[in-house]
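Undergrad: Please read through the structure below; I'll follow up with questions.
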Amino acid sequence: MKRALITGVTGQDGYYLSKLLLSKGYDVFGLVRGQNNPKIEFLRRELPEVKILTGDLMDTSSLVRALNASDPDEFYNLGAISFVAYSWENASLTSDVTGKGVLNALEATRIHVGDDIAKVRFYQASSSEMFGKVQHVPQSETTLLWPRSPYGVAKVFGHYMTINYRESYGMHASSGILFNHESPMRGPEFVTRKISLAVARIAAGLQDKISLGNIEAKRDWGFAGDYVDAMWRMLQQDEADDYVVSTNETHSVREFLEIAFDRVGISDWESYVYQDPQFFRPAEVDLLIGDATKAKRQLGWEPKVDFPTLVTLMVDADVERVRNKSV
Ligand code: NAP
Ligand code: G4F
């Protein structure tokens, strides 16, 4: 039985990755931070097979202890402060967790494995946010990075540190440059879930408008359940490498709104949407569209869920939750 350690197990991707690895027969360990994290209850209920360890990306010794306790074959570093808007208000903290936390995870792994450098395979959750003010369309593994937020800058640090540990110490350390991926498990602070939840509440007569920022921004949106499979595939390769994971399509927030409202039978959606300056960003990433040719060629990975299906499944899930009063 293979063993895996996941940081960020209480997040969206931690949920789908845990499910995937459990379905493959892995022994899964999840790192949870804080002395009384409210998400532990959800984790225990939904994924009771996951063994919970405590620790924090800012505390290297806690990571070493988690590695010693789990003795994993694969270490997935998904933990981060991941909300871009928040990163301007908390730039130093974001740099510590999302940037230096990667170094801490790599260093803890190096301490744990000692001379047996091939003992643990490492995955870093890099991001298309690193492309920022895009220097090429579409973006691939070789596109120049130009981050536009403290979050993006921190991710660039973690990305290059992962490559550096691979090149310096021969670690099997791979970096997945994942474009936006969503699901009904997405946090409500992100635009897709904010919309799906609002649409469900508006349809139920519980809310009368939604306030948003820049609805012309374009993203390459995929389904999180598809994307965790790409993470796993990266760690099954003989050689570690970096891969873009994307759908190779781009859509605006406006298009997301149209399909989401249409799903609940509302066609005059613009009368429910208000622009609020507080949701505009100091520097915007206007357009993201990936080129996942390498992932397709080398990993045999392709997305299965297309954009309209993704929007529909998110809206349907929130309609159901509103009906059951579970949100
Ligand atoms: P998410 O839902 O925001 O989850 C983030 C996870 O990080 C949570 O489990 C959180 O724990 C944990 N965390 C935060 N601070 C930590 C700390 N100091 N020490 C340890 N863990 C900490 O994010 P996600 O969407 O699942 O994304 C997973 C990873 O992929 C993140 O690194 C994100 O930046 C990256 N990424 C995401 C996307 C995307 O579109 N989803 C795209 C590219 C890259 P709590 O629950 O306790 O807060
Ligand atoms: O949903 P978002 O907050 O996601 P963003 O900034 O693209 O970041 C996500 O994807 C990254 C991968 O590229 C990840 F690395 C990162 O961790 C995160 O998962 O915003 C998407 C777009 C932006 O252009 C934003 O300005 O939607 C626009 N937007 C417009 N109104 C809004 C809103 N975003 C949010 N969160 N809230 C709004 O009201």
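Read-outs: derived from the displayed coordinates by stated rules, not from any lab. On a predicted model such as this, the values are computed, not experimentally measured, just so you know. All Cβ positions, even for glycine, are placed from backbone atoms using ideal geometry, and neighbour counts span all protein chains on display.
Undergrad: So what's the back-of-envelope 222 nm ellipticity for the chain, counting only DSSP H runs of four-plus at -39500 (n - 2.57) apiece and dividing by all residues, rounded to 500?
TA: About -12000 deg cm²/dmol.
Undergrad: Beyond a 19 Å Cα-Cα separation, which of these cross-linked pairs lie in this structure: LYS19/LYS155; LYS19/LYS51; LYS51/LYS119; LYS24/LYS51?
TA: As for pairs spanning more than 19 Å Cα to Cα, those are LYS19/LYS155; LYS51/LYS119.
Undergrad: Testing the spin-label approximation: label points 7 Å from Cα along Cα→Cβ at GLU270 and LYS296. State their distance in nm.
TA: 3.5
Undergrad: Within segment 39-68, which residues have the backbone N less than 11 Å from the label spot 7 Å out from LEU22 along Cα→beta-carbon, could you tell me?
TA: Backbone N within reach: 43-51.
Undergrad: May I pose another question? With +1 on each Lys and Arg Cβ and -1 on each Asp and Glu Cβ, how big is the dipole of segment 254-327 about its Cα centre, in debye rounded to the nearest 20?
TA: For this selection, approximately 480 debye.
Undergrad: Helix hunt in the chain: which complete DSSP H runs extend at least 27 Å axially by C-alpha with mean Kyte-Doolittle at least -1.0?
TA: What comes out of the filter, once short or polar helices are dropped, is 150-169.
Undergrad: Right, next: If I take R0 = 30 Å and measure r between the Cβ atoms of ILE40 and GLU141 in this structure, what FRET efficiency does the formula 1/(1 + (r/R0)^6) give, to the nearest 0.05?
TA: For ILE40 and GLU141, the calculated efficiency is 0.25.
Undergrad: For segment 39-132, what is the convex hull (Cα atoms) projected area averaged across all directions, in square nanometres?
TA: Answer in nm², one decimal: 7.2.
Undergrad: Based on Cβ point charges of +1 for Lys and Arg and -1 for Asp and Glu, what charge dipole magnitude is obtained for segment 1-152 about its Cα centre, in debye rounded to the nearest 20?
TA: About 200 debye.
Undergrad: Same structure again: Give the cross-link partners of LYS294 among the lysines, using a straight C-alpha distance below 16 Å as the criterion and excluding same-chain residues fewer than 8 apart.
TA: Excluding near neighbours in sequence, the set is empty.
Undergrad: Here's something else I'd like to know. By the gyration tensor of its Cα atoms, with a ≥ b ≥ c the square roots of the eigenvalues, what is the shape of segment 244-313: rounded for a/c under 1.5, prolate for a/b over b/c, or oblate?
TA: oblate
Undergrad: Continuing with this model, one more query. So if we plug the beta-carbon distance of ASP306 and ASP96 into 1/(1 + (r/R0)^6) with R0 = 51 Å, what FRET efficiency do we get, rounded to 0.05?
TA: 0.85
Undergrad: Let me make sure I get this right: for segment 273-327, a, b and c are the square roots of the gyration tensor eigenvalues over alpha carbons, sorted descending. Under 1.5 in a/c it's rounded, otherwise prolate if a/b > b/c, else oblate. Which is it?
TA: Taking the square roots of the gyration eigenvalues as a ≥ b ≥ c, segment 273-327 is oblate.
Undergrad: Given the options GLY152, MET234, ILE202, identify the residue whose Cα lies farthest towards the positive end of the charge dipole of segment 143-261 (+1 on Cβ of Lys, Arg; -1 on Cβ of Asp, Glu).
TA: So the residue we want is ILE202.
Undergrad: Give the aspartates and glutamates whose C-alpha is closer than 16 Å to that of LYS325, dropping any in the same chain fewer than 8 places away, or say none.
TA: ASP316
Undergrad: Where in the chain is the longest stretch that carries no GluC sites (Glu not before Pro) classed as loop by DSSP and with at most 12 other Cβ atoms within 10 Å?
TA: The longest such stretch corresponds to 50-188.
Undergrad: Work out, step by step, the length gained on full extension between ARG65 and ARG321: first 0.36 nm times the residue separation, then minus their alpha carbon distance; give nm to one decimal.
TA: 88.3 nm
Undergrad: Something else now. Report the trypsin sites (Lys or Arg not before Pro) located in segment 176-284 that are in a DSSP loop and have at most 12 other Cβ atoms inside 10 Å of their Cβ, or state none.
TA: LYS209
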